[in-house]
Ligand SMILES: CC(C)(COP(=O)(O)OP(=O)(O)OC[C@H]1O[C@@H](n2cnc3c(N)ncnc32)[C@H](O)[C@@H]1OP(=O)(O)O)[C@@H](O)C(=O)NCCC(=O)NCCS
C-alpha cells in the first residue's frame, strides 16, 4: 500500500481503522442504517449502483457492498467498495504471473466498484478502502483459494489510481487490472 495507508488497530474490531483525527469503520451496507441517497462521488453510475442495486445484489448473492463511515456520523457514507467472486483466464495474467500455474481459470475476487464521496475525496479514504479490500481478500484465502484481486477501471484516470497500488493490466482488451495476492 502507499506509505500513507492507515494501519489496522489491534485493539478494535478487525473492521475498524484508526487515524489520529477520527475512527473509521468499514461495515457491510445496511439500507436502514446508511444514507445511500446522500452519496455522490462524481460518477453517476457508481452513485446509482449504491442507491438502487447494491442491497438488491447482496440479497441475490451477486456481490457484497462495504461502506466506510466515521464515528462522528455513522449514517453518512464516505465511500464504498463491492466484492464478488470472479475468475480470469490464465492468459489474461502477465507472463511473469503465469509461471507455475496450471492452465485453469485463475480464481479471483472482483472489486467491481470503488468510490469515495466527492466531499470526502483526496483525504486518503480511497487508500483506506483499497487497503481494506486487500486485507479482506488476504483473510479469505485461508478458506477459499483466490489468486488475484480484479478491478474494472471506469477510465484511464482510475486505472492510474489502481496502478499506483501495484495493480497490473490484464491482457484482455478491457480496463481490467489485477493485483497478485500470491499463494496462501
Ligand atoms: C478514485 C477515488 C476512489 C480516489 O479516492 P480518494 O479518497 O479521493 O483518494 P485518496 O485521497 O485516498 O488518494 C490516494 C491516492 O490516489 C490519488 N488519486 C486520487 N484520485 C485519483 C484519481 N481519480 N486518479 C488517479 N489518482 C487519484 C491521490 O493523489 C493519492 O495519491 P498519493 O497518495 O500519491 O498522494 C475517488 O476519487 C472517486 O471515488 N472517484 C470517482 C469514482 C471513481 O473514479 N472510481 C474509481 C474506480 S472505477
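The values are calculated or read from the model by the stated rules, or taken from the named source; none is laboratory data. The structure displayed is predicted, hence computed values, not measured ones. A quick note on method: Cβ atoms are made from the backbone with ideal geometry, for glycine too, and the neighbour counts reach across all protein chains shown.
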Of the conditions (1) modelled with pLDDT under 95; (2) buried (at least 22 other Cβ atoms within 10 Å of the Cβ), residue 141 clears all except one; give me its number.
-> (2)
Here the residues within the stretch 138-167 that are part of a loop (DSSP other than H, G, I, E, B) and in contact (Cβ under 8 Å) with a residue 60 or more places away in the chain are 154, 164, 165
Restricting the search to the stretch 100-137, which residues are out of contact with any strand residue (DSSP E or B) (no Cβ under 8 Å at 6 or more places or on another chain), near the ligand (Cβ under 9 Å from one of its atoms) and either in a helix (DSSP H, G or I) or closer than 17 Å to residue 50 by Cβ (or both)?
-> 118, 121, 127
Tell me, which residue of the stretch 27-69 that is part of a strand (DSSP E or B) and in contact with a helix residue (DSSP H, G or I) (Cβ under 9 Å, 6 or more places away or on another chain) is surrounded by the fewest Cβ atoms within 10 Å (Cβ to Cβ)?
-> 28
If residue 6 satisfies every condition in (1) within 16 Å of the ligand (Cβ to nearest atom); (2) at pLDDT 95 or above; (3) in a loop (DSSP other than H, G, I, E, B); (4) touching a helix residue (DSSP H, G or I) at 6+ places or on another chain (Cβ under 7 Å) but one, which is the exception?
-> (2)
Name, by its number, the condition in (1) away from the ligand (no atom under 14 Å from the Cβ); (2) touching a strand residue (DSSP E or B) at 6+ places or on another chain (Cβ under 8 Å) that does not hold for residue 91.
-> (2)
